[in-house]
Amino acid sequence: MNDPVYFCGCPELFGDGTPALRLQTNRPLVLVQDALPQHNRDEIWSWLKEAHARWGAVCDWQARRIMDITEAGPTDIIQLVTVADLGGGGVLADQMLPYQGGRILRMRINSRINWRATDGQMASGTVDPIRTICHETGHFQGHSHWPQGAPPELMEPFVSQTIINPQPTEARVSSGWFGAVTPPPTPPPTTEELRIIVKGTNLTYRVEGV
């Protein structure tokens, strides 16, 4: 990982994060069409699920897997995940940006890369697929590349050994587009039974809010 490795093959390398057009939903569908040589479609989905969850931790964003294109409705937007030989020149993957009327936005994952999932330092000759897909999902939302420099951002064009999820500025942009994170509902108080035996007689008391 000493040489620069591009996340993706987008024609622009440096931008200001401004979207050409942000995605018109925060509930996209994901269809994993292809498998990698060493990783099946279920494993690729596990990477995608975690990548989408990292965006869901900073904005109101939830993705759902479908197994066939026929499961999608007429207005659903689909992230179609495919595998392609993108060459050995340092491009890891690419993702179509949102465009007017676009419902099926293709991501291509480079079949030549030695993918190995990790949240830590990537070993020599390997690349973490989750941080890569998290970056590409930023493009799927509408992010262009952010300028390289301080503070470091996920949407910079080069893969990082330390940045694995959306950073504060990117989080503010996405929450502005899609809304703030929805907190989980507070569970209702539970009712449990407390059974006490007094001189051989069973007495049952209900305890509220335990």
Of the residues in region 109-141, those that are aliphatic (A, V, I, L, M) and assigned to a helix (DSSP H, G or I) come to Ile130, Ile133
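Being assigned to a loop (DSSP other than H, G, I, E, B), of a type outside the set (A, V, I, L, M) and crowded, with 18+ Cβ neighbours inside 10 Å is the filter here, so list the residues in region 23-68 that pass it. Don't jump to the end; show me each part of the working.
Filtering region 23-68 for residues assigned to a loop (DSSP other than H, G, I, E, B) gives 23-28, 33-35, 37-38, 40, 57-63, 67-68.
Now restrict to residues that are of a type outside the set (A, V, I, L, M): 24-28, 33-34, 37-38, 40, 59-62, 68.
Correct list: Asn26, Pro28, Cys59, Trp61.
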Self-check item: Meets criteria (over 16 Å from Leu31 (Cα atoms) and not in a loop (DSSP other than H, G, I, E, B)) for Arg106
Solution: no
Filtering region 164-190 down to residues that are closer than 17 Å to Pro28 by Cα, surrounded by 14 or more Cβ atoms within 10 Å (Cβ to Cβ) and not aliphatic (A, V, I, L, M) yields Ser174, Ser175, Trp177, Phe178
For region 81-97, pairs from a residue that is within 17 Å of Gly142 (Cβ to Cβ) and surrounded by fewer than 13 Cβ atoms within 10 Å (Cβ to Cβ) to a residue that is at pLDDT 95 or above and among the β-branched types (Val, Ile, Thr), with Cβ under 9 Å and 6 or more apart or across chains, are none
In region 105-153, anything aliphatic (A, V, I, L, M), touching an Asp or Glu at 6+ places or on another chain (Cβ under 9 Å) and under 19 Å from Ile77 (Cβ atoms) is listed as Met107, Ile133
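Could you tell me whether Thr118 is within 16 Å of the chain's Cα centre (by Cα), hydroxyl-bearing (Ser, Thr, Tyr) and surrounded by fewer than 23 Cβ atoms within 10 Å (Cβ to Cβ)? Outline the logic, then answer.
Working: within 16 Å of the chain's Cα centre (by Cα): yes; hydroxyl-bearing (Ser, Thr, Tyr): yes; surrounded by fewer than 23 Cβ atoms within 10 Å (Cβ to Cβ): yes.
Criteria met by Thr118.
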If we ask which residues in region 144-163 are touching a Ser or Thr at 6+ places or on another chain (Cβ under 9 Å) and surrounded by 12 or more Cβ atoms within 10 Å (Cβ to Cβ), their number turns out to be 7
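The values are calculated or read from the model by the stated rules, or taken from the named source; none is laboratory data. Quick caveat, the model's predicted, so the values are computed rather than measured. Every residue, glycine as well, gets a Cβ built from its backbone with ideal geometry; the counts of neighbours run over all protein chains shown.
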